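Written below as structure tokens is the structure these notes are about.
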Amino acid sequence: MFNINTLKVYFIAGSQDVPNGDLYKVVEQALIGGITMFQFREKGKNSKKGLEKEVLAKELFELCKKYEVPFIVNDDVDLAVKLNADGIHVGQDDRNVSEFKNKFKGKIIGLSVANREEYQQSDITEVDYIGTGPIHSTNSKADAGEEGGYDLIKNLREIDNEIPIVAIGGITEVDVAPLVDAGANGVSVISAIARSGNIEQTVKGFHNQYKNL
Ligand code: TZP
Ligand code: MG
């Protein structure tokens, strides 16, 4: 199920990230543009909860299936299992990877790893990819921490030559080439896509960056 190319233009969003709250439309445009993976990250201020969140997740999962794009759930193991989603992405402070890997056989597992310390304390044996950031400052996550620039990727790539790495945090098209140069396999993006005036074109713009490498 997991393929390294799915990290190339990895769109992450929840209702809280889109200007008018209409996440369905935004994800549809992003899928038409060619995103390679989608993560449902319904979280924080203005996010949906409970049944409303579940209904939206189901709709988005069905939409992603139509485009054959993997649908990943952020944090919420119960929701991911209930929907039989394609995967889950967890942070360092979330439930242990080993806790749900049994429940979730054959699915995609992503883990946030910001730096070498976090890498060292993580069990990455069951992890398909790590998400590393923030590269730049971001308005999409309140507790994202200090921006680390491209060196964040370089530092992790130096100690692990194999693990697929997707960069995150304030990323726009211009970051693709230097991030790949630093050792990233792809980029994950919230606002540059969710708040774009032309989502389809923006996604294509990200893809074009890979063509010139
Ligand atoms: N984790 C680190 S930075 C970030 C997350 C979820 C937010 C990225 O959003 P944006 O809008 O692409 O900066
Ligand atoms: Mg988390």
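Read-outs: derived from the displayed coordinates by stated rules, not from any lab. Note that the structure is predicted; figures quoted are calculated from it, not measured. Don't worry about glycine lacking a Cβ; one is built from the backbone with ideal geometry, like all the others, and counts go over all protein chains shown.
Which pairs break 27 Å Cα to Cα here: K105/K141; K58/K141; K58/K211?
Over 27 Å apart, Cα to Cα: K105/K141; K58/K211.
Evaluate the relative contact order of region 4-211 (contact order divided by residue number), counting alpha-carbon pairs under 8 angstrom at least 6 apart; express in whole percent.
23
To make sure I understand, if each residue's beta carbon is the centre and we count other beta carbons within 10 Å, what order do I109, I35 fall in, fewest to most?
With the sparsest Cβ surroundings first, the list reads I109, I35.
Using label points projected 7 Å from each Cα along Cα→Cβ, tell me how many nm separate E158 and N84, to one decimal.
Those two pseudo-labels are separated by 4.6 nm.
If packing is taken as the mean number of other Cβ atoms within 10 Å per residue, what is the order of 62-68, 17-23, 73-79, highest first?
The peptides rank, most packed first, as 73-79, 17-23, 62-68.
Give me a comma-separated list of calculated 3J(HN,Hα) values for region 25-38, in order, Karplus coefficients 6.51, -1.76, 1.60 applied at θ = phi - 60°, integers in Hz, x for any Gly or Pro.
So the J values, rounded to whole Hz, are 5, 5, 5, 4, 4, 5, 5, 4, x, x, 4, 9, 7, 10.
Where does each of E59, E117 land when they are ranked from fewest to most other beta-carbon atoms within 10 angstrom?
Fewest-to-most ranking of E59, E117: E117, E59.
Once you put a point 7 Å from the Cα of D181 and another 7 Å from the Cα of N20, both along the Cβ direction, what distance in nm separates them?
Using points 7 Å along Cα→Cβ, the separation is 4.0 nm.
List, in order, the whole-Hz ³J(HN,Hα) value for each residue of region 118-125 obtained from phi through the Karplus relation with A = 6.51, B = -1.76, C = 1.60 and θ = phi - 60°; use x for Gly and Pro.
5, 4, 5, 8, 9, 8, 9, 4
With labels modelled as points extended 7 Å from the Cα through the Cβ direction, what inter-label distance (nm, one decimal) is found for D123 paired with V55?
3.9
Sorted by mean Cβ packing within 10 Å, highest first, what order do the peptides 198-211, 80-93, 128-141 take?
With the highest mean Cβ count within 10 Å placed first, the list reads 128-141, 80-93, 198-211.
Can you flag which of K103/K154; K53/K103; K49/K107 are past 27 Å Cα-Cα?
K103/K154
Taking the inverse of the average 1/r across all pairs of different Cα atoms in the chain, what Kirkwood radius in Å do you get?
By the Kirkwood definition, the hydrodynamic radius is 17.0 Å.
³J(HN,Hα) across region 6-11 via Karplus (A = 6.51, B = -1.76, C = 1.60, θ = phi - 60°), whole Hz, x for Gly/Pro?
With the stated coefficients, region 6-11 comes to 5, 8, 4, 10, 9, 8 Hz.
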